[in-house]
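Structure, as structure tokens:
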Amino acid sequence: MAVARGEFSSRFGFLMAATGSAVGLGNIWGFPTNAASNGGAAFLIAYLILTFALAYPALMAELIIGRHARANAVTALKSISTGPKSRWLGLTVGFIGMLTVSFILSFYAIVSGWMIAFFFDSIARLLGLESASQWLTLDAVPRNAIFVVVFMVVTVMIVSAGVKDGIERWASRLMPSLVIILVLLTIYVLTLPGAMDGVRAYLVPDFSRIADPQLLVDAMGQAFFSLSLGVGTMLVYGSYISEKENLPFIGTLVALLDVGIAVLAGLLILPAMYVALSNGVEIFDETGAFIAGPGLIVSVLPALFETMGVAGIFVAMAFFILMTIASLTSSISMLEVPVAYAVEQHGIGRHQASLSIAAVITVISLLVVFYFDPLFDLVVTYTTEFSQPMLALFFCVFVAWIWNRNEVLEELKKGCPDAESGLFWKIWPFYVKFICPIAILLVYFQ
Ligand code: PHE
């Protein structure tokens, strides 16, 4: 059942694709609001430490397994297992990862659909189309269902075009645009009255919070979600990296870019909330906490844009394009996980695999749209807080306890001949073997 495998054509292509996967709603929405609700810079510090101490080693585990096995997550874990028990564990972890990422995509598509709807709303307002604007911004089942389908269709179109002609090509176009829009929007918002209060709320740490168990749990969840870990995404992208590449180096670049964009997004969202406050928009709920959930994106920020007159329409347009791009470069990486499996393991054509798997995920997504109240939170919590860190832990266990250590080193040496004497090899193996699993378990059971 040999199928010609795709490969990223350049380092830049891989970086854009992997950073595109990592940078998503988690960075632009999740990180700033988590920081706002958890003591500002205290959260930022915990997040930075956990990203480099726990998430980066786990990211490396996935990239190394992926490039070595040159296969989807299920086949890859199976191929590095050493006996029937670890084979069984590999299959289980691979399948649960695939299931988890499919459920993540099912809620992600709903939120991304809102972003597209709000983008069209800014066009409707520009054209003076009152009733269209009302329909686009009203939270109703038909609107949500239609935009889930729109978002999934675009995702399928990119994934079915293949690794190089779909994923790499689009990520390389979209990611630079994302960075430019983000920087311009941030600069603009920082010039508005009230913005500096937001900068203060973000950057002045409330150190009394730093050892707060809730803060640590949130920061760890954020770090794993943001680097797309545990569900096989980075493993699959790793499997498309050329053997000439130095893995620890490009892994570090991905982590740095991901964190950098999250930190920058904090400088956009929190100041924007305080600008909204100074324009008379309510940014705290009845308990005095920040409006951080869906309300932030679909009510606080649109209300802010409305207070800004015509300029607000263009700011809204830029903001929702930004969110849509961020979502899309992540959703394609999610869909790639089950698609790669179906293509490689079952010999199904890429087109057909993308379409049928996306159809199933769309149906799940529509179910969540129809029964939003119990289902949405349930899916988010189960996938991101429960499943993802556990799966990341198993990836570490695989690479450090099951896989042959010499093979790991051989894989690293491919793009980095002196890997054995480098700093990475001195620290990382011990790290993924002991520190990561113990720390993940500790934070997990908090
Ligand atoms: N990293 C993405 C974000 O920050 C989400 C994601 C999770 C993508 C899991 C792929 C896999 O929004």
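Being more than 16 Å from the ligand (Cβ to nearest atom), out of contact with any Lys or Arg (no Cβ under 7 Å at 6 or more places or on another chain), open to solvent by less than 20 Å² (accessible area, probe 1.4 Å) and of a type outside the set (A, V, I, L, M, F, W, C) is true of residue 202. Condition check for residue 76 on (1) under 16 Å from residue 336 (Cβ atoms); (2) within 21 Å of the chain's Cα centre (by Cα); (3) among the small types (Gly, Ala, Ser): one failure, at (2). Close Cβ contacts (under 7 Å, 6 or more residues apart or on different chains) running from residues in the stretch 282-295 that are touching a residue at least 60 places away in the same chain (Cβ under 8 Å) to residues that are part of a helix (DSSP H, G or I) comprise 289/37; 290/33; 290/36; 290/37; 292/33; 292/36; 292/37.
Looking at 221, 295, 309, just one residue is within 16 Å of the ligand (Cβ to nearest atom) and small (Gly, Ala, Ser), and that residue is 221. Yes or no: the stretch 336-344 includes at least one residue that is of a type in the set (Ser, Thr, Tyr), under 22 Å from residue 14 (Cα atoms) and away from the ligand (no atom under 13 Å from the Cβ). Yes - at least one qualifying residue is present in the stretch 336-344. Residue 232 falls short on exactly one of the conditions (1) in contact with a helix residue (DSSP H, G or I) (Cβ under 6 Å, 6 or more places away or on another chain); (2) surrounded by 16 or more Cβ atoms within 10 Å (Cβ to Cβ); (3) on the phi < 0 side of the Ramachandran plot, and that condition is (3). Restricting attention to the stretch 110-143, the residues that are open to solvent by 10 Å² or more (accessible area, probe 1.4 Å), aliphatic (A, V, I, L, M) and more than 23 Å from residue 354 (Cα to Cα) total 9.
Would you check which residues across the stretch 144-187 are of a type in the set (Asp, Glu) and open to solvent by less than 40 Å² (accessible area, probe 1.4 Å) and list them?
168
Considering the stretch 416-432 alone, what residues qualify as being touching a residue at least 24 places away in the same chain (Cβ under 8 Å), open to solvent by 20 Å² or more (accessible area, probe 1.4 Å) and part of a helix (DSSP H, G or I)? Selection gives 424, 431.
For residue 81, the test of being of a type in the set (Ser, Thr, Tyr) and open to solvent by 20 Å² or more (accessible area, probe 1.4 Å) is passed.
Filter the stretch 55-66 for residues that are within 18 Å of the chain's Cα centre (by Cα), farther than 23 Å from residue 99 by Cβ and open to solvent by less than 10 Å² (accessible area, probe 1.4 Å) and give the result. 57, 60, listed by residue number.
Entry remark, the stretch 368-382: residues being of a type in the set (A, V, I, L, M), in contact with a helix residue (DSSP H, G or I) (Cβ under 7 Å, 6 or more places away or on another chain) and over 17 Å from residue 98 (Cα atoms) number 3 in total.
Looking at the stretch 327-345, I want the residues that are without any contact (Cβ under 8 Å) to a residue 60 or more places away in the chain and have a partner that is more than 11 Å from the ligand (Cβ to nearest atom) with Cβ atoms under 6 Å, at least 6 apart or on another chain. Which pairs are those? Short answer, once both residue conditions are applied: 342/348; 342/353. Does residue 174 satisfy being touching a residue at least 24 places away in the same chain (Cβ under 8 Å), over 22 Å from residue 323 (Cβ atoms) and not polar (S, T, N, Q)? So residue 174 does not fit the description; no.
Counting only residues that are open to solvent by less than 50 Å² (accessible area, probe 1.4 Å) and assigned to a helix (DSSP H, G or I), the stretch 331-358 holds 18 of them. Against the test of being among the acidic types (Asp, Glu), more than 22 Å from residue 85 (Cα to Cα) and in contact (Cβ under 8 Å) with a residue 12 or more places away in the chain, the options 407, 411 yield a single qualifying residue, 411. Taken together, the criteria place residue 278 among residues that are open to solvent by 10 Å² or more (accessible area, probe 1.4 Å), over 17 Å from the mean Cα position of the chain (by Cα) and closer than 15 Å to residue 189 by Cβ.
Counting only residues that are within 15 Å of the ligand (Cβ to nearest atom) and part of a helix (DSSP H, G or I), the stretch 224-250 holds 9 of them. When the test is whether a residue is aliphatic (A, V, I, L, M), open to solvent by 10 Å² or more (accessible area, probe 1.4 Å), more than 20 Å from the chain's Cα centre (by Cα) and closer than 26 Å to residue 252 by Cβ, residue 69 passes it.
The values are calculated or read from the model by the stated rules, or taken from the named source; none is laboratory data. Model, not experiment: these values are computed from the prediction. Note that each Cβ is placed from the backbone with ideal geometry, even for glycine, and that neighbours are counted across all protein chains shown. When the accessible area is computed, the model is the full protein with side chains, heavy atoms only, and any ligands, DNA or RNA have been set aside. Shrake-Rupley method; radii C 1.70, N 1.55, O 1.52, S 1.80 Å.
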